[in-house]
1. Using beta carbons and a limit of 6 Å, which pairs, at least six apart or on different chains, have the first residue in segment 73-102 and more than 21 Å from residue 50 (Cβ to Cβ) and the second one at pLDDT 95 or above and loosely packed, with under 10 Cβ neighbours inside 10 Å?
2. Is it the case that segment 58-70 has a residue that's more than 21 Å from residue 8 (Cα to Cα) and touching a residue at least 24 places away in the same chain (Cβ under 8 Å)?
3. Could you check segment 1-44 for strands (runs of 3 or more DSSP E) lying wholly inside it with 3 or more residues that are touching a residue at least 24 places away in the same chain (Cβ under 8 Å) and within 26 Å of residue 91 (Cβ to Cβ)?
4. Out of the residues in segment 64-85 meeting the condition of being under 13 Å from the mean Cα position of the chain (by Cα) and in a loop (DSSP other than H, G, I, E, B), tell me which one is surrounded by the fewest Cβ atoms within 10 Å (Cβ to Cβ).
């Protein structure tokens, strides 16, 4: 089962489709700036859960972030968990450089 993922910048999300279907199988919503992309929500339709759709969304989005030289803020629990299990992507994570404290 081939999963096709594409960026839809006008909707600020990545969309996944399976096997050439027109129906969207999953989405990963983001907020993007010139230096950072924050992944805020990921959702996979129930009939596609456990079939690699979520992993394809994350991998494609992170590979694109790397290519664009963007830091990644994974506020979405799915993205955060996936990155935690795949050390080859942990270098993309945003590190706060602020020295401000209370």
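1. none
2. no
3. Result: 3-8, 26-32, 36-44.
4. In this case the residue turns out to be 75.
Matching residues to (1) within 17 Å of residue 82 (Cα to Cα); (2) loosely packed, with under 14 Cβ neighbours inside 10 Å; (3) touching a strand residue (DSSP E or B) at 6+ places or on another chain (Cβ under 8 Å):
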| site | (1), (2), (3) |
| --- | --- |
| 4 | no, no, yes |
| 7 | no, no, yes |
| 15 | no, no, yes |
| 21 | no, yes, no |
| 24 | no, no, yes |
| 28 | yes, no, yes |
| 33 | no, yes, no |
| 40 | yes, no, yes |
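The values are calculated or read from the model by the stated rules, or taken from the named source; none is laboratory data. Computed from a prediction, not measured in an experiment: that's the story for all the values here. FYI the Cβ positions are ideal-geometry reconstructions off the backbone, even for glycines, and counts take in every protein chain you see.
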